[in-house]
Every structure is written in structure tokens, then in C-alpha cells.
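Asker: Provided herewith is a single structure, encoded as C-alpha cells, for subsequent inquiry.
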Amino acid sequence: RVGRYRASTFDARLALIINFKGASMSDAGDRFAVVLLPSGRCFDAPAGMPLLQAARESGLILPSSCRNGTCRTCIRRMVSGRVRYAIEWPGLSAEEKAEGFILPCVAIAESALVIEAVRLVAIDDDA
């Protein structure tokens, strides 16, 4: 199920405030809310599941290719939150990590997240 916010500046700011402290947004504590900007679309990321897979299972398709952290097709900037990686050293430079860039194909949420995802396809969109 894909949650939706109305795409407006107010909603984007609200999403940032809700996710600012990186708190879990679920009762079980094993799923984290992920908000995609600027669309305001959101999905739940189960603990231990890469963000790319969690988005796809929620009906959202982010650009990807290798799905192992090397091609960088999926690179996105994380506005807020915390992730860990399924591999020891993903294809990001230290500078990119410091600037908040992540690779959703191998990034696993450790908190609620806000991610910039300009290119996005929703399976439920009428095209």
C-alpha cells in the first residue's frame, strides 16, 4: 500500500518535521516510514530490507540497475534519518556520504527517512 501526501511545500515541511528525529513510525518498531521528496509519497521500509526493494514492494519504482551498490544508478540524497549498508563499502565516496547521499539498493533504514527522489514511477499511476 502506498501512502500519499498532497504534494505541497507545507506537506514536504510536515514530512521533514515528522521524520526529523528519525523515530520509528510503527507500533512494532520493525518498520520505518520513508518519505520521498518532492512528491510526498511514502512507504514503509521493513527492518533488514534494502530501501529499493521496500519501495518496489510498496508499488514505487526508483531508478536502479545493479542492485549491489556498484553502478550508482539509484544514488539519492537523504534529507533526514539513518541508514546502514548491506555491504561493507558501498559505491559512495566519503564526501558523498558526508553530503547525505545513499544507495537505496543496499541501504537499510535504521530510522524514519526523508529522501530526495525526483525520478520516481508509481505502479498505481495512470500514465
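The values are calculated or read from the model by the stated rules, or taken from the named source; none is laboratory data. A quick note: this is a predicted structure, and the numbers were derived from the prediction, not measured. Backbone-built Cβ (ideal geometry, glycine too); neighbour counts: all protein chains shown. Quick note on the areas: whole protein, heavy atoms, side chains included, nothing else; ligands and nucleic acids left out. Shrake-Rupley method; radii C 1.70, N 1.55, O 1.52, S 1.80 Å.
Asker: Can you confirm whether region 119-127 contains a residue that is in a loop (DSSP other than H, G, I, E, B), farther than 21 Å from Asp30 by Cβ and modelled with pLDDT of 90 or more?
Answerer: From region 119-127, those in a loop (DSSP other than H, G, I, E, B) are 119-120, 123-127; that's our starting set.
From the residues that got through so far, the ones that are farther than 21 Å from Asp30 by Cβ too are 119-120, 123-127.
Within this subset, residues satisfying the condition of being modelled with pLDDT of 90 or more are none.
The answer is no, given that none of the residues of region 119-127 is in a loop (DSSP other than H, G, I, E, B), farther than 21 Å from Asp30 by Cβ and modelled with pLDDT of 90 or more.
Asker: Also, I was wondering about something else. Just one of the numbered conditions (1) open to solvent by 30 Å² or more (accessible area, probe 1.4 Å); (2) in contact with a helix residue (DSSP H, G or I) (Cβ under 8 Å, 6 or more places away or on another chain); (3) at pLDDT 90 or above is not true of Lys97; which one?
Answerer: Only one criterion in (1) open to solvent by 30 Å² or more (accessible area, probe 1.4 Å); (2) in contact with a helix residue (DSSP H, G or I) (Cβ under 8 Å, 6 or more places away or on another chain); (3) at pLDDT 90 or above is unmet by Lys97, namely (2).
Asker: Take residues that are surrounded by fewer than 19 Cβ atoms within 10 Å (Cβ to Cβ) and tell me which of the strands (runs of 3 or more DSSP E) falling wholly in region 24-86 contain 1 or more. Give the steps one after another, and end with the answer.
Answerer: Values: elements: 31-37, 42-46, 76-80, 83-85.
Here the list reads 42-46, 76-80, 83-85.
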